[in-house]
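Student: Structure in structure tokens, see below.
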Amino acid sequence: MTGLASDGPTREAVRDRLDRVTDPELDRSIVALEYIDDIEIDAGTVTVHLTLPTAWCSPAFAWMMAVDSRTEVEELPAVERARIYLHEHMHEIEINRGVNAGRSFAEAFPDADDTVDAVRLELDRKARTARQYDAVEALLEAGLEPETIVSLRPCDLERTDGDDRPSIYLADRAVAVSVPADPIDRYLEKARETGLVDAETDPLFLTPEGEPIDPEAFELVHRRGRLAQVNMSSQGGICDGLRESRERRLEASD
């Protein structure tokens, strides 16, 4: 009989699952951001060690990353339990104890003003708005007019097998416009994840509040998307700088 020690997950499989976890403020993978320090695998137990760029990162943000990491890793078939350990954070004791004991954020931080669900909802809205900006920019660059963009539905995006550029048919299908898939797919992933785009006939793009876009308000909505995208990019640059500074300090101390 083969045990879990030989049939357990690989480090690559664990990293693939962790790659689905994002820093909620930056909307970027914690693997790409190099937050993962180490992965330990002992039969059916996986232990993940992670360090954020700063010790004062919001406890709600840190909690979400730790909880999401545990959830993703425990989705692997051969994993019985995942343990997540956050290091060099001012609330690492509360977070590590709470996440690994299966407690709620409110139980770990009874004095917190906001619930983690409310924080996640707001950050998901910002991420969706920023991703929508990138998708709409790609469609504008492909030559689509704002009036066409606000009228699009997911069913209007057609792609053949193996084609990474979907087509949008215009003028009663007399004209086909090829558009890049990546920004649109990233946007749709977040829009569907947050329940704002469900059916194939739902409006593809929405206001930050989740309402259909009036063509006359297109420019305003698009500017709001740009602000969200710039804000996330700026925060990402700050975090990258803090991480590089930390790495230089560690190298100097070796």
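Student: Would you check if there is a residue in the stretch 117-124 being under 25 Å from TYR35 (Cα atoms), open to solvent by 20 Å² or more (accessible area, probe 1.4 Å), in contact (Cβ under 8 Å) with a residue 40 or more places away in the chain and touching a Phe, Trp or Tyr at 6+ places or on another chain (Cβ under 7 Å)?
Tutor: The answer is no, given that none of the residues of the stretch 117-124 is under 25 Å from TYR35 (Cα atoms), open to solvent by 20 Å² or more (accessible area, probe 1.4 Å), in contact (Cβ under 8 Å) with a residue 40 or more places away in the chain and touching a Phe, Trp or Tyr at 6+ places or on another chain (Cβ under 7 Å).
Student: Looking at the stretch 10-34, which of its residues are part of a helix (DSSP H, G or I) and touching a residue at least 24 places away in the same chain (Cβ under 8 Å)?
Tutor: ARG11, ALA13, VAL14, ARG15, ARG17, LEU18, listed by residue number.
Student: Six or more apart or on different chains, Cβ under 7 Å: which pairs go from a residue in the stretch 162-181 that's touching a residue at least 12 places away in the same chain (Cβ under 8 Å) to one that's of a type in the set (Lys, Arg)? Could you list them?
Tutor: PRO166/ARG159; SER167/ARG159; SER178/ARG165; VAL179/ARG165; PRO180/ARG165; ALA181/ARG165
Student: Select from the stretch 65-89 the residues that are touching a Leu at 6+ places or on another chain (Cβ under 8 Å) and open to solvent by less than 50 Å² (accessible area, probe 1.4 Å) and list them in ascending order.
Tutor: Scanning the stretch 65-89 gives MET65, ALA66, SER69, GLU72, VAL73, ALA78, ILE84, LEU86, HIS89.
Student: Quick one: which of THR71, THR47 is hydroxyl-bearing (Ser, Thr, Tyr), in a helix (DSSP H, G or I) and out of contact with any helix residue (DSSP H, G or I) (no Cβ under 7 Å at 6 or more places or on another chain)?
Tutor: THR71
Student: Further question: Give the residues of the stretch 50-62 that are within 20 Å of GLU34 (Cβ to Cβ), open to solvent by less than 20 Å² (accessible area, probe 1.4 Å) and assigned to a helix (DSSP H, G or I), sorted by residue number.
Tutor: If the condition is that a residue be within 20 Å of GLU34 (Cβ to Cβ), open to solvent by less than 20 Å² (accessible area, probe 1.4 Å) and assigned to a helix (DSSP H, G or I), then ALA62 is the only one that fits.
The values are calculated or read from the model by the stated rules, or taken from the named source; none is laboratory data. Bear in mind that the values here come from a model prediction, so they are computed numbers and not experimental data. Virtual Cβ from ideal backbone geometry, glycine too; neighbours counted across all protein chains shown. Calculation scope for accessible area: heavy atoms of the full protein, side chains included, ligands and nucleic acids excluded. Shrake-Rupley method; radii C 1.70, N 1.55, O 1.52, S 1.80 Å.
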